[in-house]
Amino acid sequence: MDRMRELCDILNRWAHEYYVLDAPSVPDREYDRLYDELRALEEESGVVYPDSPTRRVGGDPVKGFERHTHIARLYSLDKAVTYDELNAFFTRVRKVREDAAFTVEYKFDGLTVCLTYENGVFVRATTRGNGVEGEDVTAQVLTVPSFPLKISYRGTLEVRGEAIIRLSVLARYNEEHPEEPLKNARNAAAGAIRTLDPKLTRARHPEIVFYDVNFMSEDPVRSQTEGMEFLRREGFKTYPFFRVCRTPEEAIAAVEEIEVGRRQIDVLTDGAVIKTDDEGVRAEMGYTEKFPRWAIAYKFEAEEAESVVERVLWQVGRTGKLTPLAEIAPVELAGATVRRATLNNYGDLTRKDVKVHSRVLVRRSNEVIPEILGAVEHVEGSVPVEKPAVCPFCHSPVKEVGANLFCTNENCPPRLIQRLTHYCSKNAADVEGMSEATLTVLYEKRGVRRFSDLYALRGEDFAGLEGFKEKKIANLLSAIEGSKQIALDRFLYAIGIEGIGRVAARDLAAFGSVEAVAALTFEELMQLENVGEVTANSILAYFADGENREELSRLFRAGVQPVAQRRPSTGAFAGESVVLTGTLSSLSRSEAQARIEALGGVCQSTVSAKTTLVVAGEKAGSKLAKAQKLGVPVIGEEEFLRRLGGE
Ligand SMILES: [Zn+2]
């Protein structure tokens, strides 16, 4: 019996070295020799230890998948596909804790599995299923060697990981099975686990990469970093790329690193996962109905290709920011020929080490202009890009702020044209046909400078301009006229207040009118979920500026009418400033928010002296404590639903 114990320990250590650490210390035949010895002893004695490696061989096919209810709900992740959405996430987190750190990991594309341990022994593996209930895949997962059957921690816990099949393993499998090749690594991994025959699982060689641990009772882990350390210490396979980032900028840089790096690794990935590191921040942020509010998946939905930088030009944006624009060797991307790609700013260009004649990775998605993600390779003739000392258009001095260079001239021509282009863009005033090229002509030939100048244009203004035929002119004029009826959030986005993206514009639009937004104080702005300190100050500065106020009245006089969903003055929540905290079981936070607003209430993100009501769901944290301290009335979910129902 002692020899069996000894053999289990040795074989498990060797398997860990081989499968988890990728550092085998003995030849395969040595492993096989001891393995055979162990199996003989097991047959002889009729005893099999719970952590015996012979359990991994794969038993008989199972009849069907048993359903199994998870001990704790398995949430999926909220998704971001743009940096605007990602930045909104950072803002939400930083409102809870200003110096919150983030972790960035690969998001692998396979099948999520959940492994349960009790008293230090592996007892069960399940698929995620619908998050509440999954399928029991213990027999299948047992054949995967990248996790331990025995751990030192004694309490009940669940670890989560992604079952994957390496791209090289998939390629080899397909070579060996030309009659029935597997389509892609994700389906191959899911199929390998969700098969009724565990021997088939084993034949496809899936691995599991672990990234999360949940403890049922006392929790010895206080952060994502500690969770990963725990997993490694206990012998689970984790992926080596794991970044702890002190700032959103560092986190974005790590996401970009993944976007470049994922093309070189042997695993299929479709994004990056960004989490707040600290458990305290997580507890405070809580969960929506579907997602944790403290984590987000950034999905790469774009196409990428390599090209060569031919030269780098500088563009001036609507804020005066100088953006390096690379002319590249033409490359086919997402159905278009791409000849130019942007780098975000001077700092970005330096950090990504992009030089003229370098090979670079270019990305294009529907939403953004093609972008250079990084240098793939330099050649002998690669030349560093010179940093401009003056604006290449108006020759005004250039100011350096952080990673950015700015033209200091408020009326720099491309800057004004870009402001107009932004105003007319699809998600803003949506003036169809009013392209950058058209606006450049109108700027140069007809003196169009401000948004309000657009509304003064008449048919005769286009006479004599090259390329403007009757039909086109009529279409433009009707598009301009049509843009006068505009949703308030679009209008607030269109006028180009610095830092206001579409997400924050929606927050502001809840106040019902431009006048109401202009009257907000710093404290009131900071109550908004997606507005941070920098943006709050930029909103204040915008409305404090005389020229901006005059331009707004010119627009209103011209007939521009931003319309908001009017907040009813009667209703169960009329006049109330409501803070939602904790998790509601019957509706999501955004649904609750919409219902409150429909009944005349205003939703705030933090409790202040102005708060008149707190709705506390399950696991309500510090907001509830603060409400009690300030004497703000608190109601629970039941009462909340009753008031919603009383409409
Ligand atoms: Zn300039």
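Couple of notes before you dig in:
- In loop segments of the stretch 24-106 as defined by DSSP, the GluC sites (Glu not before Pro) with at most 15 further C-beta atoms inside 10 Å of their C-beta are GLU66, GLU98.
- The phi torsions of the stretch 624-629, fed into the Karplus equation with coefficients 6.51, -1.76 and 1.60 and a -60° offset, translate into couplings of 5, 4, 5, 4, 5, 5 Hz, rounded to whole numbers, with Gly and Pro shown as x.
- Between the stretch 110-180 and the stretch 42-92, the Cα center-to-center distance that results, in Å: 5 Å
- Using alpha-carbon coordinates, inclination of helix 248-261 to the longest axis of the chain, degrees: 60 degrees
- Distance from the stretch 251-276 to the stretch 427-464 (C-alpha centre basis), Å: 42 Å
- Annotation: amide H-H contacts under 5 Å for CYS603 (H modelled 1.01 Å from N, sequence separation of 5 or more, or interchain): VAL578.
- Along the stretch 137-144 the Karplus relation, 6.51 cos²θ - 1.76 cosθ + 1.60 evaluated at θ = phi - 60°, assigns HN-Hα couplings of 10, 4, 4, 6, 5, 3, 7, 8 Hz to successive residues, with x for each Gly and Pro.
- Principal-axis tilt of helix 2-15 within the chain, Cα atoms, nearest 10 degrees: 30 degrees
- Note that the stretch 468-476 has calculated 3J(HN,Hα) couplings of 9, 8, 3, 4, 4, 4, 4, 4, 4 Hz, one per residue in order, obtained from phi through the Karplus relation 6.51 cos²θ - 1.76 cosθ + 1.60 (θ = phi - 60°); glycine and proline are x.
- For the stretch 348-397, the orientation-averaged shadow of the C-alpha convex hull comes to 4.7 nm² (one quarter of the hull surface).
- A convex hull fitted around the alpha carbon atoms of the chain yields 205 Å³ per residue.
- Rounded Å value of the spacing that divides the Cα centres of the stretch 572-639 and the stretch 214-237: 33 Å
- Degrees, to the nearest 10: 167-176 long Cα axis against longest axis of the chain: 60 degrees
No lab work stands behind these numbers, since they all come straight from the coordinates. This structure is a prediction, so every number in the text was calculated from the model and none was measured. Neighbour counts are summed over all protein chains in view; Cβ atoms, including those assigned to glycine, are modelled from backbone coordinates with ideal geometry.
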